[in-house]
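A short worksheet on the structure shown next.
The values are calculated or read from the model by the stated rules, or taken from the named source; none is laboratory data. Note that this is a predicted model, so its numbers are computed, not measured. Using ideal geometry, Cβ is built from the backbone for each residue, glycine included, and neighbour counts are taken over all protein chains shown. Protein only, heavy atoms only, side chains kept; ligands, DNA and RNA dropped before computing areas. Shrake-Rupley method; radii C 1.70, N 1.55, O 1.52, S 1.80 Å.
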Amino acid sequence: MSEKKFPSSFLPRGDAAKRPSPLGTAVFVGLRTVDIFIQYGILANHLASPLLDLIGVEHISSFESPGPAAVAFGLPLKPLIILGMAVGTAIKQNYWVLSLSNEEMPVGNAISISLFNTIFNSVNTILSLTAASHYLTGSSFWENPIEVTPLFLFFTATYTAGTLVEVGAEIQRKYFKQDPKNKGKPFTGGLFGLARHINYGAYTVMRASYAFACGGWVPGILVAGFFGYDFARRGIPVLDDYCSKRYGDDWKKYKQEVKWQLLPGIY
């Protein structure tokens, strides 16, 4: 029987990959921080307006008077919350690479991962400015183009929950790994006692909620499907293969005790 092959992970794994990478880390943090200013430029300075005009998409061209009053940074409440989602993803990922991850961050990976996130964030931000997205999020574009609807608030809440669960799970695992008596053991407690890859599941919830809030049901479902499929077909098999070799019977026992992989009760 041939050996099973899986697509590779985005980052190197194993003890050989656990080493400092100051240049790659600096590039990653810098690019993820730049993304915040890109999203702000799209929302406040109309960076995407020429593109939307060119392709004939109806959109919000300005938040200036006589529109709704700005809450902060020249933005009304809804675009401010959308900017906050971009800020949240950047802070979370920068915190992860600076404080939680032990793996090397090669410069090439730092660039590709950052661009990947900026593309997703930019699409979300641009969609939030279009008339089509408002028809799909329960608001009236022409009566109030930046209305904060209950549906928008719901997905803002699920975005926040996904972010907090992902970070919380990573922090729990970090503290477990720091204890010398746990060397060579997989972390099976805390949030990871609910699903073996709950950090992946929470990331999917965060990304899907971000897309739902900005673009409505169609982008939200597409994003949820994309990340759910990618983790199920690539991320989980890669990590399961790695952990099976690293932890042996402990990992096998963990898989028997915790059946759910991404989200408890769902997958």
Hits in region 143-195 - residues which are within 18 Å of V205 (Cβ to Cβ), among the β-branched types (V, I, T) and assigned to a loop (DSSP other than H, G, I, E, B): none
Flag if N124 is within 13 Å of the chain's Cα centre (by Cα), at pLDDT 90 or above and part of a helix (DSSP H, G or I): yes
Single residue of V57, V34 found to be at pLDDT below 90 and either open to solvent by 40 Å² or more (accessible area, probe 1.4 Å) or touching a strand residue (DSSP E or B) at 6+ places or on another chain (Cβ under 7 Å) (or both): V57
Segments classed as helices (runs of 4 or more DSSP H), wholly inside region 214-265, with at least 1 members that are more than 30 Å from L127 (Cα to Cα) and without any contact (Cβ under 8 Å) to a residue 12 or more places away in the chain: 236-247, 249-257
Failed criterion for I111 (all others in (1) modelled with pLDDT under 95; (2) farther than 23 Å from A44 by Cβ hold): (1)
